[in-house]
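Read the structure below first, then the notes.
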Amino acid sequence: MRKTTEEVKNSVATVSVRAGLSVPKACIAVQAVCEKLYNHKYYLSPPLPTIEEADETTVPTSKRPRTSDDYKVYKDVLPFVKTVNEYKHKKALDREIHAASLLLEKDESTKSTLHFDSTRRSRIDGEWPSLVLNFKNDKPADCHMIRLRPLFFAYEDRDQITKLIVETFFRLAVTQKTTAKALWEKVNAFMTDAATKNLKVEMEVSKELKTNYAPLHLLCKSHTCDKFDECNVKTLSQIESKIKLREQIEKGNHSLNPFSVQKNLWLLMSSFLPSLH
């Protein structure tokens with residue numbers, strides 16, 4: 001079943017955001033998946049008419065379909081880059097309006113945490129930092145996680161992070177006809193990874209917004225645990241090599257395919273070590 005124009009446009013925008021791809025590359029990805037998995041043929045531009053069909057009625061007079069004949073030609077054409085970019089911008093605005101509304105109207109039982117999330121994108125220099133607002137409550141209906149739009153940093157330091165937060169809160173304040181200071185004072189906690197450049201950012205933001213309020217600063221443990229995991233995997237890999245763990249297991253079951261060390265090492269250790277006792 002073919003999707004509507006709105007669904008196709010939403011699919012291209014989603015692929016672009018989640019995969020960190022430009023809109024033209026996201027169009028190619030959607031085109032390939034639809035063709036290979038669902039046998040739906042989409043075009044990046046209107047298909048050229050054959051010699052027999054080449055007349056004034058088969059070629060659209062505008063890049064945007066206006067007549068019924070134009071819509072027939074464009075029905076299998078993916079949205080243009082400008083159209084998808086405008087759609088992404090509108091969705092980002094809608095998300096910001098929703099985030100500002102939840103932040104301004106939250107009650108005392110709802111705790112809001114502002115996460116500073118920064119991850120390296122594949123083959124892109126620099127980083128794409130973004131802010132995530134997380135609302136927690138005993139009621140599942142009141143729990144929300146909203147990722148705000150990312151911005152490009154040529155380099156990342158305390159001053160740049162502060163400017164990102166201040167600019168974001170000024171933008172959120174416009175959507176609710178309030179002040180950035182009022183919204184900032186609704187944030188209960190500010191969470192970052194344990195890096196020196198992230199410390200005291202909340203104090204700098206409060207100074208910029210001219211308020212004495214500063215949220216509690218929390219340190220995310222996932223980055224630290226990732227480093228511990230890397231050390232553990234390297235150590236276990238060395239132990240596996242010394243005791244020839246894989247060879248011992250494959251001797252007992254010749255049909256056993258080689259396992260990935262990183263994903264299945266703990267499973268292999270738990271299944272093999274008891275036999276040593």
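Each value in this text was obtained by applying a stated rule to the coordinates, not by laboratory testing. What you are looking at is a predicted structure, and each value in this text was computed from that prediction instead of being measured. All Cβ positions, glycine included, derive from the backbone under ideal geometry; neighbour counts span all protein chains shown.
A few notes on this one:
- Backbone phi angles across segment 5-21, fed through the Karplus curve with coefficients 6.51, -1.76 and 1.60 (θ = phi - 60°), yield HN-Hα couplings of 4, 5, 5, 5, 4, 5, 5, 5, 5, 5, 4, 4, 6, 6, 8, x, 9 Hz in residue order; Gly and Pro are listed as x.
- Computed from phi, the 3J(HN,Hα) profile of segment 157-172 under the Karplus parametrisation 6.51, -1.76, 1.60 (θ = phi - 60°) reads 9, 4, 5, 5, 5, 4, 4, 4, 5, 4, 4, 5, 6, 5, 5, 5 Hz, with x in place of Gly and Pro.
- Applied to segment 234-249, the Karplus parametrisation 6.51 cos²θ - 1.76 cosθ + 1.60 on θ = phi - 60° returns per-residue 3J(HN,Hα) values of 5, 5, 5, 5, 5, 5, 4, 5, 5, 8, 6, 4, 5, 5, 5, 5 Hz, with x for Gly and Pro.
- Cross-link table LYS91/LYS186; LYS82/LYS186; LYS106/LYS210; LYS136/LYS181; LYS25/LYS90; LYS136/LYS163, entries beyond 32 Å C-alpha to C-alpha: LYS82/LYS186
- The label point for LEU151 and the one for LYS210, both projected 7 Å from the Cα toward the Cβ, are 2.0 nm apart.
- Residues with amide H under 5 Å from that of TYR43, placed H, sequence gap 5 or more: VAL77, LEU78
- Lysines whose Cα lies under 23 Å from that of LYS234, excluding same-chain neighbours fewer than 8 positions away: LYS221, LYS242, LYS244, LYS263
- Shape of segment 96-220, Cα gyration tensor, a/c cut at 1.5: prolate
- Ranked PHE116, PHE152, criterion: other C-beta atoms within 10 Å, fewest first: PHE152, PHE116
- FRET efficiency estimate (nearest 0.05) - Cβ-Cβ, ASP138 to SER22, R0 41 angstrom: 0.45
- Segment 96-220: relative contact order in percent, alpha carbon pairs under 8 Å with at least 6 residues between: 26
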